[in-house]
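This report refers to the structure that appears directly beneath it.
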Amino acid sequence: MQKFTTVTGVAVPFRRSSVDTDQIIPAVFLKRVTKTGYDDALFANWRTDPEFILNQPIYSQPKILIAGPNFGTGSSREHAVWALRDFGFDVVLSPKFADIFRGNAGKQGLLTGLISEADCEKLWDALDAQPGVEMTVDLVEKTATLGELTVSFDVDDYTRWRLLEGLDDIGLTLRDEAAITEFEGRRPAWLPTTIPARHA
Amino acid sequence: MAGTTHAPRTLAQKVWDDHLVVRGEDGNPDLIYIDLHLVHEVTSPQAFDGLRQAGRPVRRLDLTIATEDHNTPTLNIDKRIADETSRIQIETLRANAEEFGLRLHSLGDIEQGIVHVVGPQLGLTMPGITVVCGDSHTSTHGAFGAMAMGIGTSEVEHVLATQTLSLKPFKTMAINVEGTLRPGVTAKDIILAVIAKIGANGGQGYVLEYRGSAIRALSMEGRMTICNMSIEAGARAGMVAPDETTFAYLKGRPHAPEGANWDAAVEYWRTLVTDDGATFDAEVFLDANELEPFVTWGTNPGQGSSLSAVVPSPDDYSDPNERVAVERALEYMDLVPGTRLKEVEVDAVFMGSCTNSRIEDLRQFASIVRGKKKADGVRVMVVPGSMRVRLEAEAEGLDKVFEEFGAEWRFAGCSMCLGMNPDQLAPGERCASTSNRNFEGRQGKGGRTHLVSPLVAAATAIRGKLSSPSDLTVED
Ligand code: SF4
């Protein structure tokens, strides 16, 4: 996983609330067998509408999504995070996230920053005034800056640390690899193996 | 462990302690070592894809084994799989096994079958080990005194890469079943009665330990049936302390220890009991003498009752939420309150799934249907849990018994337990099934499932109505 410090890119004023994971990625895409390549699946049902915001050319390569409250409710599918990442998003800012979605996001390098409803409105208004403008999200300072406007966001310390260090769950565990190897050295010889150990 | 003195501990705590790699500080999870990782085609593709993207290998190929089960056809297994999603999942597992060097038992292989049947039959499932699989019915393996848990796809990737899992300690619940089962009452009836008693969420957050004389008296197959359905009570795992029955089952299996290793193993296994004086966070008691054959009438495994009862009425329930749930379940199941369950006619009988598809289950089914004919218009499907079980059954002539009875004798897999392959109920069809889930649409869109034991399935197939063997008359 990439280390995350600051992100600068196009921000999308996503004036919708209670966007559930079925809307982020409809169930029909869950049949796939890969972990990437879901960019076409993101908001698939809405993208059939030419007026949909992500169909506008200025928003073809966005990095930051500013969404209304209750983002990511519904089924716990990890695909919702994969689809946002594959489309290019590094950050979602919203006044409220569903817990499971937020947990999944933090594990997969997608920053979910909590902003106040007032700041959300301010960002939307500023973005509507200058569509396609870039903004900067700074995880060290926990701020999002758009021209003169700077708002702060919340993210828990543990998730922030993991994102700053670029640690996914596996990377985190592998910091204890010496302990794992040491444990393996203590396992009794009679424990089952599925094949003769390759490195025996 | 040697040299350490402990306060009295439960079986679950002992297994946990013996797998602790790093203890989590400040409420953080513990890092637990995983001894055996079972893999199948549905929940593994993205896990392998994740490894590939990160350039990570499988840490312990020698503790990992894969089989094809959920999507495999049970007829024409030599033909190309017609359904595209099913075929892609199976082909992806084959490609991943090849790329990463995994042991895989593919369709047509003698060890192919439902992952929870294959592990024990190979002797890979042992007392005191930790077992995981990207499948909720991994709890099956707890029958050996193993700590066996279902995990999600990202955890599958984590175990493949690190052979460990980050877990928070669970609470423990004792399920005490004392007494002697009456003839015709089996392990399946015990577990259905337990779930009806504690509810489909009653075990949430707990590891269940099944104890008492009625559990001790069960075969390994019976214990597996019980532990299998722990998840249907919402529990994280279910366990039975190992004993002579366990050791006898394991001895001589392909992966069981031999010689001095066997002795060392048994010596350790004998310590895997809950100490006198250890306390459980919760306890439940069930009288085995009172149990009757059980059946579900609703759409979750907790909605069940004795087969001799009538369909309940929503008015029997004081909790308004439950009343609505019962009303909805009865509507879906097309059942009228007050109807005797034994008068409910079925269209199909499914004998199979990781709950009841081992050789002993097939023998029980055969013991009832031998020399008889199935009821007219009822479709009866017998699906062995693994190819080895199929061959064992054929060596005993059970296939002939089933065929003469009028049942379809199939190849191994999950089959109509969840209908990912072509084995499905048609909308509105009613089925007596030895599987573990009676959710709406589980066995096919609009299908109606009654969970039962192999003996009840057999008697039902003969009479065409939900029945226990004691309902069979001489003419039947
Ligand atoms: S038999 Fe049914 S419950 Fe068991 S693993 Fe297969 S699908 Fe799951």
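The values are calculated or read from the model by the stated rules, or taken from the named source; none is laboratory data. No experiment lies behind these values; they were computed from the predicted model shown. Quick reminder, even Gly has a Cβ in these numbers, built from the backbone with ideal geometry, and neighbours come from all protein chains shown.
Worth pointing out:
- Those helices (runs of 4 or more DSSP H) lying entirely in the range B:1-115 with at least 2 residues facing chain A (nearest Cβ under 9 Å) and touching a Gly at 6+ places or on another chain (Cβ under 9 Å): B:45-54
- Flag for B:L335 being without any contact (Cβ under 8 Å) to a residue 60 or more places away in the chain and within 18 Å of B:R448 (Cα to Cα): yes
- Any hit, the range B:423-430, residues being closer than 23 Å to B:E360 by Cα, charged (D, E, K, R) and more than 21 Å from the chain's Cα centre (by Cα): no
- Subset of the range A:82-101 (residues that are within 8 Å of the chain's Cα centre (by Cα) and farther than 17 Å from B:A54 by Cα): A:L84, A:F89, A:D90, A:V91, A:V92
- Test result for A:D119, away from chain B (no Cβ under 14 Å), over 16 Å from A:D22 (Cα atoms) and over 13 Å from the mean Cα position of the chain (by Cα): yes
- Residue in the range B:130-139 that is more than 15 Å from the ligand (Cβ to nearest atom) and in contact (Cβ under 8 Å) with a residue 40 or more places away in the chain present: yes
- Enumeration of residues in the range B:120-156 that are part of a helix (DSSP H, G or I) and within 13 Å of B:N228 (Cα to Cα): B:P120, B:S136, B:H137, B:T138, B:S139, B:T140, B:H141, B:G142, B:A143, B:F144
- Residue within the range A:148-167 that is within 7 Å of another protein chain (Cβ to nearest Cβ), under 30 Å from the mean Cα position of the chain (by Cα) and among the aliphatic types (A, V, I, L, M) present: no
- Any hit, the range B:342-349, residues being closer than 30 Å to B:L122 by Cα and either away from the ligand (no atom under 16 Å from the Cβ) or more than 14 Å from every other protein chain (Cβ to nearest Cβ) (or both): yes
- In the range B:459-476, residue farthest from the ligand (Cβ to nearest atom) [restricted to those that are in a loop (DSSP other than H, G, I, E, B) and either touching a residue at least 40 places away in the same chain (Cβ under 8 Å) or basic (K, R) (or both)]: B:D476
- Taking each residue of the range B:410-430 that is away from chain A (no Cβ under 14 Å) and in contact (Cβ under 8 Å) with a residue 60 or more places away in the chain and looking for partners that are of a type in the set (A, V, I, L, M, F, W, C) and within 14 Å of the ligand (Cβ to nearest atom) with beta-carbon atoms closer than 6 Å, six or more apart or interchain, yields B:R410/B:V383; B:C414/B:I114; B:S415/B:V383; B:M416/B:F350; B:D423/B:M416; B:L425/B:C431.
So that you can scan it fast, the table gives a plain yes or no per residue for (1) more than 14 Å from chain B (Cβ to nearest Cβ); (2) in contact with a Lys or Arg (Cβ under 7 Å, 6 or more places away or on another chain); (3) within 27 Å of A:M1 (Cβ to Cβ):
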{"residue": "A:G103", "(1), (2), (3)": "no, no, yes"}
{"residue": "A:A126", "(1), (2), (3)": "yes, no, no"}
{"residue": "A:A144", "(1), (2), (3)": "yes, no, yes"}
{"residue": "A:L174", "(1), (2), (3)": "no, no, yes"}
{"residue": "A:P188", "(1), (2), (3)": "no, no, no"}
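- Residue that is farthest from A:W190 (Cα to Cα) [pool: residues in the range B:246-279 that are hydroxyl-bearing (S, T, Y) and over 19 Å from the mean Cα position of the chain (by Cα)]: B:T279
- Residues satisfying the stated conditions in the range B:100-119, i.e. out of contact with any His (no Cβ under 6 Å at 6 or more places or on another chain) and away from the ligand (no atom under 13 Å from the Cβ): B:F100, B:G101, B:L102, B:R103, B:L104, B:H105, B:S106, B:L107, B:G108, B:D109, B:I110
- The number of residues in the range B:167-182 that are out of contact with any helix residue (DSSP H, G or I) (no Cβ under 7 Å at 6 or more places or on another chain), modelled with pLDDT of 95 or more and surrounded by fewer than 20 Cβ atoms within 10 Å (Cβ to Cβ) comes to 3.
- Exactly one residue out of B:V456, B:V389, B:V380 is within 20 Å of B:L75 (Cα to Cα), more than 16 Å from the ligand (Cβ to nearest atom), among the β-branched types (V, I, T) and buried (at least 19 other Cβ atoms within 10 Å of the Cβ): that is B:V380.
- Residue within the range B:350-360 that is in contact with a Lys or Arg (Cβ under 7 Å, 6 or more places away or on another chain), more than 26 Å from B:C227 (Cβ to Cβ) and modelled with pLDDT of 95 or more present: no
- Here A:L84 fulfils each of the conditions (1) away from chain B (no Cβ under 13 Å); (2) over 25 Å from B:V156 (Cβ atoms) apart from (2).
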